[in-house]
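The structure under discussion appears below in the form of structure tokens.
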Amino acid sequence: MAEISAIFEALENQLMRAWMRGDEKELRKVIARDCIFMIATTPPEILDRPSFLKAMNDGFACQRFRFHQVAARQHGRSAWFVGHAELELRLGGQDWNGHFMLTDLWRKSRIRRNWLLAERSIAMMDADRFLSGKIHKLQLWH
């Protein structure tokens, strides 16, 4: 389990650094052609890979990121990565900063046998500690 987590932490950092640099060539190497990005706005919006790559250079920029708690689990040729990330984003000339939950589905390609991002969900986290505390008490291991 620790080995798979290390692999995906490295891939996630590679992906985020490429986004910060606006490096479309690097992003094309790690994002699957049929990848979608689900953005938790009201209402939720979806970007496909071409839309995300264009948006990245047209005002949807990642200026800074920092991962906190992260976990990865492999399921055959797919893997889930879930991470609490502190993000500084710029969207349409407006700052969108805070704590986000990133949920990524990675898929191993058949030809090159490398991991490609198949789906990403980005949601701002609720700052209300009341709900977190209530859910924490439901955990049987505490």
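The values are calculated or read from the model by the stated rules, or taken from the named source; none is laboratory data. This structure is a prediction, so every number in the text was calculated from the model and none was measured. Neighbour counts are summed over all protein chains in view; Cβ atoms, including those assigned to glycine, are modelled from backbone coordinates with ideal geometry. In case anyone asks, the SASA skips ligands and DNA or RNA and just uses the protein heavy atoms, side chains included. Shrake-Rupley method; radii C 1.70, N 1.55, O 1.52, S 1.80 Å.
Of all the Cα-Cα pairs you can form in the range 5-61, what percent are over 14 Å apart?
Tail of P(r) above 14 Å: 58 percent of Cα pairs.
Just to verify a number: FRET efficiency for Phe67 and Arg129, C-beta to C-beta distance, R0 = 30 Å, to 0.05?
For Phe67 and Arg129, the calculated efficiency is 0.90.
Determine the shape class of the range 45-93: with a ≥ b ≥ c the square roots of the Cα gyration tensor eigenvalues, call it rounded for a/c under 1.5, and otherwise prolate if a/b is greater than b/c, oblate otherwise.
oblate
Would you mind working out the accessible area per residue for the range 32-88, using a 1.4 Å probe, and quoting it in Å²?
Values: 3270 Å² over 57 residues.
On a per-residue basis, 57 Å².
Would you kindly calculate the translational diffusion coefficient of the range 7-142, applying Stokes-Einstein with the Kirkwood radius from alpha carbon pairs, for 10 °C and a viscosity of 1.306 mPa s, and quote it in µm² s⁻¹ without decimals?
Here the translational diffusion coefficient equals 100 µm²/s.
Note down the relative contact order for the chain as a percent, whole number, built from C-alpha pairs under 8 angstrom at least six residues apart.
21
Per DSSP H run of n ≥ 4, the term is -39500 (n - 2.57); total these for the chain, divide by its residue number, and report the mean residue ellipticity at 222 nm rounded to 500 deg cm²/dmol.
-10000 deg cm²/dmol
Got a number for carbon plus sulfur as a percent of the range 53-113's accessible area, 1.4 Å probe?
Here carbon and sulfur together make up 48 percent of the probe-accessible area.
Name the long-range amide H neighbours of Asn97: under 5 Å, sequence gap of 5 or more, or other chain; modelled H, no Pro or chain starts.
Placed amide hydrogens put Leu89 under 5 Å from Asn97.
Loop only by DSSP, 16 or fewer other Cβ within 10 Å of the Cβ. Give me the trypsin sites (Lys or Arg not before Pro) in the range 44-83 that pass, ordered by residue number.
Within the range 44-83, the qualifying trypsin sites (Lys or Arg not before Pro) (loop, at most 16 other Cβ atoms within 10 Å) are Arg77.
Take the chain, connect every pair of alpha-carbon atoms lying under 10 Å apart with a spring to form a Gaussian network, then pick out the residue of Arg49, Arg107, Arg129 with the largest mean-square fluctuation.
In this elastic network of the chain, the residue with the biggest mean-square fluctuation among Arg49, Arg107, Arg129 is Arg129.
Identify which of His68, His99, His84 has the largest mean-square fluctuation in a Gaussian network model of the chain, with springs joining Cα atoms closer than 10 Å.
Checking each option, the largest mean-square fluctuation is seen for His68.
Which residue fluctuates most in the GNM of the chain (Cα springs below 10 Å): Ile39, Ile111, Ile31?
The residue that fluctuates most here is Ile111.
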